[in-house]
Amino acid sequence: MSLKNTQDINQATLIGGGVIGGGWAARCLAHGLRVVVTDPADGAEEKLRTAVDNAWPALEATGLAAQASRDELEFTRDVSAAINGADFIQENVPEREDLKIEVFEQIGALAPADVVIASSSSGLLPSRLQSRCRHPERLLIGHPFAPVYLLPLVEVVGGEQTCMEAISAACRFYKRIGMRPLHVRKEIEAYIADRLQESVWREALHLINDGVATAAEIDAAITGGPGLRWAFMGTLMAWHLGGGPGGMRHTIDQFGPALKLPWSHMDAPELTDALKERIVRGCEEETAGRDFSELERRRDICLVKIQQVLAEHWYPPGEDGWPEPDFSAWGISD
Ligand SMILES: NC(=O)c1ccc[n+]([C@@H]2O[C@H](COP(=O)([O-])OP(=O)(O)OC[C@H]3O[C@@H](n4cnc5c(N)ncnc54)[C@H](O)[C@@H]3O)[C@@H](O)[C@H]2O)c1
């Protein structure tokens, strides 16, 4: 099927302008695109513009495209006006399957067939989301990570009806706006990264529920140790090095037996009101009344600096082990 070429994408249309929509807006603007956002909520435009303004200093620090301008941001409540002129559509409405299916039916009817429609869903199955969309072959998941304007990972997942050209076109577009697409080749709920995040989250809830640790203690156990490595190594590579010169073979010999011990829970604990309160209070104590936007600003500075250090000292793209999507088997070249 014929889809828009990456170099012909001038306008990104965003459906939903909350946390994630605002993040996409900032990233796309910083890469010199025109951005049109639609959102029915009261005060949505003001929130969106504030989010973009808050993201801008970090984006300036990472380097803006020559033609990047916040003046290229347009907001409308009218969905068909937002779709008009769209070269790429990214949906960011709340994580409810019924709502998303309805939204895709609506925007699929309005958007020309050569426009890719991506969903920011954190875990829903694209085969279900595309069920009522016109030209479902151009619908896929493009799952980003907050803050979208700084984190490069985007998981690209196709459904049963998605064509490989759409996956490849989305990957090329995301690369153009500075991202690192990871093609999740098998459609599963929660994809890859959220399965991993969810397992850590589940264990954290058990540790709080069992009175073992507070929110701050759990976060300290991550940020002082594994978290520092995870910025560039991931669990498998970290444990490969953790095994010393014997590598992963030695790690498995040494820690393999622990897999049989009851070190982790598979099921989530019941999210009782008492547990919810302990988690929320724990996070409030951890942040010690600090201003939320100040926390976001410091987070952004750290994310920019960490990525600058990695660019300087870690392996360059292509040599860093990142699994670049390969569509050559489908006769699609980059
Ligand atoms: N927050 C995260 O960390 C995160 C990370 C990755 C992916 N996601 C996914 O991104 C999506 C959006 O999440 P969020 O955190 O931005 O939520 P959010 O609540 O901050 O924003 C959702 C926005 O969608 C708007 N909306 C509701 N119905 C709409 C409609 N019919 N048309 C247009 N806009 C509509 C709401 O008014 C709201 O502003 C979800 O699918 C979520 O799973 C979230």
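Table for the structure above
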{"item": "Any hit, segment 188-198, residues being outside any helix (DSSP H, G or I), within 16 Å of the ligand (Cβ to nearest atom), within 12 Å of the chain's Cα centre (by Cα) and among the aromatic types (Phe, Trp, Tyr)", "result": "yes"}
{"item": "Test result for Pro323, over 21 Å from the mean Cα position of the chain (by Cα), under 22 Å from Tyr149 (Cα atoms) and not charged (D, E, K, R)", "result": "no"}
{"item": "Which numbered condition Val157 misses (of (1) assigned to a loop (DSSP other than H, G, I, E, B); (2) surrounded by 17 or more Cβ atoms within 10 Å (Cβ to Cβ); (3) more than 11 Å from the ligand (Cβ to nearest atom))", "result": "(1)"}
{"item": "Residues (within 7 Å of the ligand (Cβ to nearest atom) and in contact with a strand residue (DSSP E or B) (Cβ under 6 Å, 6 or more places away or on another chain)) located in segment 20-35", "result": "Gly21"}
{"item": "Filter result for Leu64 (surrounded by 21 or more Cβ atoms within 10 Å (Cβ to Cβ), under 25 Å from Thr6 (Cβ atoms) and under 22 Å from the mean Cα position of the chain (by Cα))", "result": "no"}
{"item": "For Asp42: the one exception among (1) within 27 Å of Ala169 (Cα to Cα); (2) assigned to a loop (DSSP other than H, G, I, E, B)", "result": "(1)"}
{"item": "Residue within segment 36-45 that is within 26 Å of Cys163 (Cβ to Cβ), within 15 Å of the ligand (Cβ to nearest atom), of a type in the set (A, V, I, L, M, F, W, C) and buried (at least 18 other Cβ atoms within 10 Å of the Cβ) present", "result": "yes"}
{"item": "First in segment 253-282 and surrounded by fewer than 12 Cβ atoms within 10 Å (Cβ to Cβ), second anywhere and modelled with pLDDT of 95 or more, Cβ under 6 Å, 6 or more apart", "result": "none"}
{"item": "Neighbours by Cβ (under 9 Å, 6+ apart or cross-chain): first from segment 299-316, in the same structural domain as Tyr149 (by TED's automatic domain parsing); second loosely packed, with under 14 Cβ neighbours inside 10 Å and assigned to a helix (DSSP H, G or I)", "result": "none"}
{"item": "Among the residues listed as Glu72, Glu91, Glu137, the single one being more than 16 Å from the ligand (Cβ to nearest atom), under 17 Å from Trp24 (Cα atoms) and of a type outside the set (Val, Ile, Thr)", "result": "Glu72"}
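The values are calculated or read from the model by the stated rules, or taken from the named source; none is laboratory data. It should be emphasised that the depicted structure is a prediction, and the values quoted were computed from it without experimental measurement. Counting neighbours? That spans all protein chains shown, and the Cβs are built from the backbone with ideal geometry, glycine included.
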